[in-house]
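Undergrad: This is the structure I have questions about; it appears just below.
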Amino acid sequence: MPRDSERAEYPEHVIENRRYWDAMADQWVAAGERAWRAEAPLWGCWGIPESELCLLPQDMSGMLAIELGCGTAYVSYWLTQRGAQVVGIDNSAKQLETAQRLANEYQVALELRHGNAEELPYPDGHFDFAISEYGAAIWCDPKIWIPEAHRILKPGGELVFLGNSPLAMICTPLDGGDNDAHLHRSYFELEKLDWTRCEIDPGGIEFNLPISSWMRLFRETGFEVLDYLELQAPKGSPDRFGTPGQWAQSWPAEQAWKLRRL
């Protein structure tokens, strides 16, 4: 597994997020193992079935795919089960250690790379499909990683990503507490969300945009929007990662975009 070197010229958020995820990677081993065992893809914090969201092509035979911010690489594994040849890239070497172990256990051939999804070591028009579930989708600067994903996709290639909704971000208290029914920051100033100094669960730098800014970014980059999904937690869902289940039944905590490169 190729390892990325520490580079002083990396942006602050790349360095901080690498530190943050390397330090907490052991907390995600069990979740990764469960996801690898799943009989079918389950998406987001509340495990919404692929049969409801339809984020993946049914048949990916002959397709070359990349997961941007793969973590323990369970999404990469799901892609291989549909016939794709898959690359997974992640900022955390510790996360990739778990991914490689599971790939070996399941005897799956994955190309795993340690690196930054904002700078992909692949030529233009290389991949048929790109995906991110809570990887580049929230931890990378969209004004950089979205154009980079466009660059490495073939014309007609698809990009799918799932992460926090803008509404969830403006309903998160500034101290990092649980989502509530109040607006804590300007919707129009969403972009860089620095949690490194917050009181609750400090660490990590995330990104998000108003929906209109996402749309403008896609249009200017050269993506066509195929679908936009605002995910609703199923009735009776537990609290997950700072979002009360009851909150996510009434308001969308997560969003998913399906795009096609023009």
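None of the figures in this text is laboratory data; all of them are computed from the coordinates on show. Bear in mind that the values here come from a model prediction, so they are computed numbers and not experimental data. For neighbour counting, all protein chains shown are included, and Cβ atoms are generated from backbone atoms with ideal geometry for every residue, glycine included.
Undergrad: Local charge sum around GLN255 (other residues, Cβ-Cβ under 13 Å, Lys/Arg +1, Asp/Glu -1)?
TA: -3
Undergrad: So, R0 is 22 Å and r is the distance between the beta-carbons of ALA40 and ALA93; what FRET efficiency does that work out to, to 0.05?
TA: About 0.15, to the nearest 0.05.
Undergrad: Could I ask something else about it? I'd like the FRET efficiency for TYR106 and ASP178, computed as 1/(1 + (r/R0)^6) with the beta carbon distance as r and R0 of 35 Å, rounded to 0.05. It would help to have the intermediate numbers written out before the result.
TA: Values: r = 35 Å, r/R0 = 1.01.
Plugging the Cβ-Cβ distance into 1/(1 + (r/R0)^6) gives 0.50.
Undergrad: Still on this structure, I have one more. Could you tell me how far the Cα centroid of the stretch 199-241 sits from the Cα centroid of the stretch 62-95, in Å?
TA: Cα centroid of the stretch 62-95 versus Cα centroid of the stretch 199-241: 20 Å apart.
Undergrad: Quick check on the chain: helices-only [θ] at 222 nm, where DSSP H runs of length 4 and up contribute -39,500 (n - 2.57) each and the sum goes over total residues. Nearest 500, please.
TA: Counting only the DSSP helices, I get -8500 deg cm²/dmol.
Undergrad: Just grab the label-to-label distance for MET215 and MET1, each label 7 Å out from Cα along the Cβ direction, in nm (one decimal).
TA: 4.0 nm
Undergrad: Another question, if that's okay. Once a ≥ b ≥ c are taken as the square roots of the eigenvalues of the Cα gyration tensor of the stretch 120-262, is the result rounded (a/c under 1.5), prolate (a/b larger than b/c) or oblate (a/b not larger than b/c)?
TA: prolate
Undergrad: From the residues LEU56, ALA103, TYR74, which one has its Cα farthest along the dipole of the stretch 1-143 in the positive direction, the dipole being from +1 and -1 charges on Cβ of Lys/Arg and Asp/Glu about the Cα centre?
TA: The residue sitting most towards the positive pole is ALA103.
Undergrad: Which order do the peptides 225-234, 15-24 come out in when sorted by mean C-beta neighbours inside 10 angstrom, highest first?
TA: Working: 225-234: 15.8, 15-24: 17.8.
The most tightly packed comes first, giving 15-24, 225-234.
Undergrad: By how many nm would the segment from VAL225 to ALA23 grow when fully extended, if each residue of separation counts as 0.36 nm and the alpha-carbon distance is taken off?
TA: Values: separation 202, 0.36 × 202 = 72.72 nm, distance 3.59 nm.
So the chain would gain 69.1 nm between VAL225 and ALA23.
Undergrad: Okay, next question. Can you tell me how the chain classifies by the Cα gyration tensor, rounded, prolate or oblate, using a/c under 1.5 as the rounded cut?
TA: Because its axes are fairly even, with a/c under 1.5, the chain counts as rounded.
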